[in-house]
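For reference, the structure is listed below as structure tokens.
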Amino acid sequence: MLIKSSGDKVRRQNSTLVLSALRRQDALSHTDLAELTGLASATVTAITAELEQIGAIERHEPQAAASRGRPRVLLSRKGSFAYAMSVQISSDNVRYALSDYRGTLMDRFDEPRVLAATPSSFSEDFARALLRLADRSKLDSATVAVLSVSSKGIVDAEGAHVVWSPVFGNQPVDLNAALSAFPNADLMVSNETRLVAHGLASRIGGEGADFRGLIALSLGHSIGLGIARTNAVGGLEVNAPNFGHMLNASDNKLCRCGSRGCVEASAGFYGILRTAFEVPPDTIPARFVPLAEMDRIALTARQGNRMAQYAFRQAGLALGQGLSRVFSLYETLPVIITGPGTRYYDLLARGLDEGLQTCLQVRLDGMPKIDMANDEASLVYEGHLDRALKAIDQQLVTGAP
Ligand SMILES: [Zn+2]
């Protein structure tokens with residue numbers, strides 16, 4: 001489905017502009033498209049004609065002229081041109097979703113995570129669920145262009161597999177096996193908070209001129225961080241440094257990854273629980289702390305329990321110190337906090353401020369703007385979708401994923 005004049009660099013760039021405008025807006029007239037992309041009308045005509053010919057976009061003829069003047073023909077992406085599957089792997093659940101090329105969510109279901117699963121039984125369940133997703137929509141498996149998978153943990157630079165995850169540790173999870181049923185699908189694996197940052201950035205028009213960047217900080221059993229910034233050519237660049245397992249302090253607190261002193265060992269739910277109950281810091285962390293348990297600790301903290309208050313303050317401190325290091329390496333950026341830990345922000349805030357204020361960068365730039373976003377799962381989905389559609393467009397224009 002490569003567009004024909006792909007050898008021409010200018011033409012490729014122009015096609016990319018048209019496709020990204022049609023990704024951000026559901027439907028556009030020829031005039032709006034020319035205005036948004038800054039391209040000449042004739043260029044827009046040539047590119048849209050070609051995209052229409054290969055079936056990537058379609059035109060919507062107006063109903064009988066309601067007003068005088070030339071009727072407005074609208075152009076949009078054609079939903080059935082390609083499909084993207086996205087899979088959100090969390091600690092207790094796996095969410096499968098199917099979207100069309102127009103960005104419409106077509107189907108979605110959740111499967112509970114089997115806690116005793118091995119990497120190979122997980123891969124089998126995963127492959128079965130993807131077939132079910134395609135079957136439920138009676139989809140031709142050849143039309144699935146992207147399979148986008150997210151997990152907490154560390155993803156390799158190529159984005160093809162999970163290097164380390166909170167649930168399987170260093171054991172590799174083979175996601176490629178499931179691809180055999182979808183011959184044209186490219187596999188993309190992302191750290192979950194990377195997608196949260198991506199989703200947040202695309203919500204606020206991340207490729208617009210006045211967007212500088214943002215940091216997404218996800219609080220829960222694990223701690224994730226995603227950074228979305230505008231690159232030199234005005235595109236969106238998103239990455240997820242290994243924040244949760246960055247060394248924070250030589251405090252002997254044992255982390256789930258096996259190291260000591262990681263940010264997560266203080267600020268992850270199990271770290272907070274361990275401090276609140278005065279359990280020795282080198283105790284092997286709980287595999288999963290139910291939210292109800294965390295709520296109970298938070299309640300006692302709000303009622304004045306000193307140790308519980310101290311546990312949240314230490315967690316906030318580790319987060320504030322960690323963020324101040326990120327600001328020193330990049331620049332001070334607005335922070336949006338997501339994840340189940342947002343409900344304890346009142347208890348974390350004091351330590352967080354303390355951790356931030358010790359840093360020269362913050363004293364020079366001023367405190368960052370901090371906001372909350374309570375719909376993390378939707379943000380992950382939006383990140384999946386935008387990233388997948390962008391990859392389909394890129395393949396369309398350059399022939400390379
Ligand atoms: Zn760690």
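The values are calculated or read from the model by the stated rules, or taken from the named source; none is laboratory data. On a predicted model such as this, the values are computed, not experimentally measured, just so you know. Cβ placement follows ideal geometry from the backbone for every residue including glycine, while neighbour counts extend to all protein chains displayed.
crowded, with 16+ Cβ neighbours inside 10 Å, part of a loop (DSSP other than H, G, I, E, B) and under 19 Å from the mean Cα position of the chain (by Cα) - does that describe any residue in region 222-240?
yes
Can you give me the number of residues within region 117-152 that are in a loop (DSSP other than H, G, I, E, B) and free of Cβ contacts under 8 Å to residues at least 60 places away in the same chain? Even if it seems obvious, please write down each step before you answer.
From region 117-152, those in a loop (DSSP other than H, G, I, E, B) are 117-118, 137-140, 152; that's our starting set.
Add one more test, that the residue is free of Cβ contacts under 8 Å to residues at least 60 places away in the same chain, and what stays is 117-118, 137-140.
Number of matching residues: 6.
Got a number for residues in region 324-340 being outside any strand (DSSP E or B), among the polar types (S, T, N, Q) and crowded, with 16+ Cβ neighbours inside 10 Å? Outline the logic, then answer.
Filtering region 324-340 for residues outside any strand (DSSP E or B) gives 324-334, 339-340.
Now narrow it down to the ones that are among the polar types (S, T, N, Q): 324, 328, 332.
With crowded, with 16+ Cβ neighbours inside 10 Å added as a condition, the list becomes 324, 332.
Of the residues in region 324-340, 2 are outside any strand (DSSP E or B), among the polar types (S, T, N, Q) and crowded, with 16+ Cβ neighbours inside 10 Å.
I need the full set of residues from region 246-288 which are on the phi > 0 side of the Ramachandran plot and crowded, with 22+ Cβ neighbours inside 10 Å, in order please.
At the first step, the residues of region 246-288 found to be on the phi > 0 side of the Ramachandran plot are 252, 258, 261, 278.
Answer for region 246-288, where residues must be on the phi > 0 side of the Ramachandran plot and crowded, with 22+ Cβ neighbours inside 10 Å: there is none.
Identify all residues within region 103-115 that are within 11 Å of residue 84 (Cβ to Cβ) and either more than 19 Å from the chain's Cα centre (by Cα) or among the basic types (Lys, Arg) (or both); write none if there are none.
Within region 103-115, just 106 meets the criteria.
Could you look through region 215-238, keep only residues that are farther than 28 Å from residue 289 by Cβ and out of contact with any Asp or Glu (no Cβ under 9 Å at 6 or more places or on another chain), and pick out the one that is farthest from the ligand (Cβ to nearest atom)?
Of region 215-238, the ones farther than 28 Å from residue 289 by Cβ are 228-238.
Filter once more, keeping what is out of contact with any Asp or Glu (no Cβ under 9 Å at 6 or more places or on another chain): 232-233, 237-238.
Numbers: 232: 33, 233: 35, 237: 26, 238: 22 Å.
That would be 233.
Of the numbered conditions (1) away from the ligand (no atom under 16 Å from the Cβ); (2) farther than 20 Å from residue 194 by Cα, residue 271 satisfies every one except a single condition; which is it?
Failing condition for residue 271: (1).
From the list 315, 308, which one is in a helix (DSSP H, G or I), in the same structural domain as residue 260 (by TED's automatic domain parsing), buried (at least 22 other Cβ atoms within 10 Å of the Cβ) and more than 27 Å from the chain's Cα centre (by Cα)? Give the derivation first.
Numbers: 315 fails: more than 27 Å from the chain's Cα centre (by Cα).
The match here is 308.
Keeping to region 239-256, report how many residues are away from the ligand (no atom under 12 Å from the Cβ) and either within 22 Å of residue 387 (Cβ to Cβ) or in contact with a Cys (Cβ under 7 Å, 6 or more places away or on another chain) (or both).
Looking only at that region, the number is 3.
Among the residues of region 353-397, how many are in a helix (DSSP H, G or I), of a type in the set (S, T, N, Q) and more than 16 Å from residue 86 (Cβ to Cβ)?
Initially, region 353-397 is screened for residues in a helix (DSSP H, G or I), giving 353-357, 360-365, 376-397.
Filter again for of a type in the set (S, T, N, Q), leaving 357, 361, 378, 394-395.
In the following step, the residues that additionally are more than 16 Å from residue 86 (Cβ to Cβ) were identified as 357, 361, 394-395.
Residues flagged as in a helix (DSSP H, G or I), of a type in the set (S, T, N, Q) and more than 16 Å from residue 86 (Cβ to Cβ) within region 353-397 amount to 4.
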